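S.K.: Before we start, here is the structure in question, set down as structure tokens.
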């Protein structure tokens, strides 16, 4: 699909890593998130059921979505999920870069690919939600053109953002 510093972006599952490799990325994402929320769990079994389902069966969990994966030397280094446009808007979620691969532009490349995919699918904007304490992620989103918008989610400390796509 595209490359970022020796990393190739592919569409999962057609071109991507095994289900287990994607599950490992999702597990790391969710375990880190629960820890940051102040409710750390020891393993996937301790995750809330909706997140555990994504890790255990990503094909089912993301059946209607597009999953983009960053591959580096055959290793799954990061991922992002892009929803199909609804009312002209796609949503990106589960953006994650394995800590061993951070600082290489992978998250930015995954988001750029998500924007291109969304535009090609007919979206005019992309939205996302991010926890308020993820200041680095918020700064990245703002650098890439996202702005804070009125929340569509009632969870405390969740920041909702949106970015217009070029016509």
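S.K.: Looking at the range 125-144, which of the residues that are out of contact with any helix residue (DSSP H, G or I) (no Cβ under 9 Å at 6 or more places or on another chain) and outside any helix (DSSP H, G or I) is nearest to residue 90 (Cα to Cα)?
M.R.: So, considering only residues that are out of contact with any helix residue (DSSP H, G or I) (no Cβ under 9 Å at 6 or more places or on another chain) and outside any helix (DSSP H, G or I), the one nearest to residue 90 (Cα to Cα) is 127.
S.K.: Residue by residue through the range 75-87, note down the ones that are free of Cβ contacts under 8 Å to residues at least 24 places away in the same chain and either part of a loop (DSSP other than H, G, I, E, B) or touching a strand residue (DSSP E or B) at 6+ places or on another chain (Cβ under 6 Å) (or both).
M.R.: Those that are free of Cβ contacts under 8 Å to residues at least 24 places away in the same chain and either part of a loop (DSSP other than H, G, I, E, B) or touching a strand residue (DSSP E or B) at 6+ places or on another chain (Cβ under 6 Å) (or both): 81, 83, 87.
S.K.: Give the residue that is nearest to residue 95 (Cα to Cα), with candidates limited to residues of the range 149-167 that are touching a helix residue (DSSP H, G or I) at 6+ places or on another chain (Cβ under 9 Å) and exposed (fewer than 13 other Cβ atoms within 10 Å of the Cβ).
M.R.: Residue satisfying both the conditions and the ranking: 166.
S.K.: Of the conditions (1) at pLDDT 95 or above; (2) within 17 Å of the chain's Cα centre (by Cα); (3) surrounded by fewer than 16 Cβ atoms within 10 Å (Cβ to Cβ), residue 13 fails just one. Which one is it?
M.R.: Single failed check for residue 13: (1).
S.K.: Taking the range 34-45 as the search range and keeping residues that are free of Cβ contacts under 8 Å to residues at least 12 places away in the same chain and in contact with a helix residue (DSSP H, G or I) (Cβ under 8 Å, 6 or more places away or on another chain), which one is surrounded by the most Cβ atoms within 10 Å (Cβ to Cβ)?
M.R.: Across the range 34-45, the extreme among qualifying residues is 41.
The values are calculated or read from the model by the stated rules, or taken from the named source; none is laboratory data. Everything numeric in this text was worked out from a predicted model, so none of it was measured. Every residue, glycine among them, receives a Cβ derived from its backbone with ideal geometry; neighbour counts consider all protein chains shown.
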